[in-house]
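A short worksheet on the structure shown next.
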Amino acid sequence: MKHSPLYALFALLTVLSLALSACGGAGGTVKRSNLRRESPPVRDADLLALVDGDNAFAFDLYRSLRAESGNLAYSPFSISLALAMTSAGARNDTLMQMTQALHFPPQDQLHPAFNALDLRLESTPVNLDKDQEALVLNIANAVWTEQTLPLQSTFLDTLAQSYGAGVHQSDFRNQPQAVRREINAWVGDETKQKIKNLLSEDAVSPDTRMVLVNAIYFKADWLDPFDADNTSNDAFTLSNGSQVQVPFMHQGMSIPYAAGDGWQMVELPYAGGTAAMDILVPDEGRFDEVESSLDLETFYAMRGGLQPTGVSLGLPKFKVESSFQAGDALSALGMTDAFDPGLADFSGMTGDKDLFISAVIHKAYVAVDEKGTEAAAATAVIMETAGAPLWDVSLRVDRPFIYIIRDLQTGQILFMGRVVNPAQ
């Protein structure tokens, strides 16, 4: 099946997950299924259903993130892939909500299709001219778990067969920061150091039980590079009407172009013919209108109107870096139970309902210049124990109190006193 340029658009904005290194976290080991990664035949219809679902989620997430001010870069594919691995351990309502929010197909279809899509995206591009560099797309998945956490063999099998991942058994209880640094180093290596410090110090703790990580790196030359001699500063008009001076690249070229009510679109192909960047430009004063109405169906319709056209293009050079937690956006899309310690059901991971998602952390980087595009992204799904008991009584010591320290064997009181003002 021929690649859709849509694959490349969202592969472009990503960075997510597949080969594990052979060393464990903080002195741990790597636990793997005895099964190897497979590449079973997948029906074209199943692959297309996965891509359509992933792309629908991409626009759902965009609508959630658009309220944030400023530039934005994210990899919906990276987030989807990290959560696909996570969903392998989800059950009952938790799995149903994840499937609906992320537009996933059924589990028996999801994991083989992601495996096939992943391998296809990483396939070697063709039709390169001798002076063009090959498109680079590296996708890597890794999982770190607390070394005392029991894991179901079926969960390990899915990670191995469909995502090429084993599990780093690590000491989160006693060395959470050491494990965090190892995860960050792995992400940095997989993204050519474009994504650094994915996890902050407060992202993990002794309560962390699992971190599922996804990393993607993309680099490609334009099919028709811009001439740097034609780059010059020009005015870029902001939403409030003010202007800033930025470097604009200029090129006359024959490229796919479309126009509609309040917008124009071009598609810039990358060398090798397996990827492209679509650029949607709303008319002046209509950005909010076009952005708010943008969904997958609208985007497909816009792309359907692209026709080869002679275009004199002026495109600003840009570099965008974004970092955010996706938990609120995912909850707003209906994936609520996964974040609730009392409702989350990831019993497919451990056999018990003892885990919940505490955070979904994402970072992305996209840089565009005369030569081409470099992009990277990483996603971490952090899971903590959900085993906190439900207490019969809740006591808040917010008033004067007496304390007594005694030896339990003899009953001897060793110290006692009172506290009437803890601030003194």
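The values are calculated or read from the model by the stated rules, or taken from the named source; none is laboratory data. None of the values given here were measured: they were computed from a predicted structure. Cβ coordinates were reconstructed from backbone atoms using ideal geometry, including for glycine residues, and neighbour counts include every protein chain displayed. Accessible surface is based on the protein model in full, side chains and every heavy atom, while ligands, DNA and RNA are left aside. Shrake-Rupley method; radii C 1.70, N 1.55, O 1.52, S 1.80 Å.
Values computed for the structure shown
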read-out: Cα gyration tensor shape for the stretch 115-244, rounded if a/c is under 1.5, else prolate or oblate; value: oblate
read-out: Difference of contour (0.36 nm per residue) and Cα-Cα distance, residue 93 to residue 201; value: 35.7 nm
read-out: Length added when fully stretched, residue 153-residue 107, from 0.36 nm per residue minus Cα-Cα; value: 14.9 nm
read-out: The stretch 31-72 - percent of accessible surface contributed by carbon and sulfur, probe 1.4 Å; value: 44
read-out: Electrostatic dipole magnitude of the stretch 42-140 [Cβ: Lys, Arg +1; Asp, Glu -1; Cα centre; debye, to 20]; value: 240
read-out: Average accessible area per residue (Å²) across the stretch 247-353 - probe 1.4 Å, nucleic acids and ligands excluded; value: 47
read-out: Spin-label zone in the stretch 258-293 - amide nitrogen under 16 Å from a point set 7 Å from the Cα of residue 235 along the C-beta vector; value: 284-285
read-out: Portion, in percent, of the accessible area of the stretch 246-287 that falls on carbon or sulfur, probe 1.4 Å; value: 55
read-out: Net charge contributed by nearby residues that have their C-beta within less than 11 Å of residue 142 (K/R +1, D/E -1); value: -3
read-out: Label-point separation, residue 45 to residue 306 (7 Å along Cα→Cβ), nm; value: 2.7
read-out: Packing rank of 36-49, 172-185, where each peptide gets the mean count of other beta carbons within 10 Å, highest leading; value: 172-185, 36-49
read-out: Global geometry of the stretch 43-136, whether rounded, prolate or oblate, following the gyration tensor of its Cα atoms and the 1.5 cut on a/c; value: oblate
read-out: Euclidean distance of C-alpha centroids, the stretch 29-100 and the stretch 107-179, integer Å; value: 12
read-out: Cα shape, the stretch 292-384, gyration tensor, a/c 1.5 rule; value: prolate
read-out: Net +/- balance of residues flanking residue 204 in space, Cβ distance below 12 Å, scoring K and R +1, D and E -1; value: -3
read-out: Per residue value of the accessible surface for the stretch 78-175 (all protein chains in place, 1.4 Å probe), Å²; value: 37
read-out: R0 of 25 Å, Cβ-Cβ distance residue 133-residue 63: FRET efficiency to nearest 0.05; value: 0.10
read-out: Gain upon complete extension [residue 227, residue 313; 0.36 nm per residue less C-alpha separation]; value: 29.7 nm
read-out: Cα-projected label distance for residue 243 with residue 178, points at 7 Å along beta-carbon direction, nm; value: 5.9
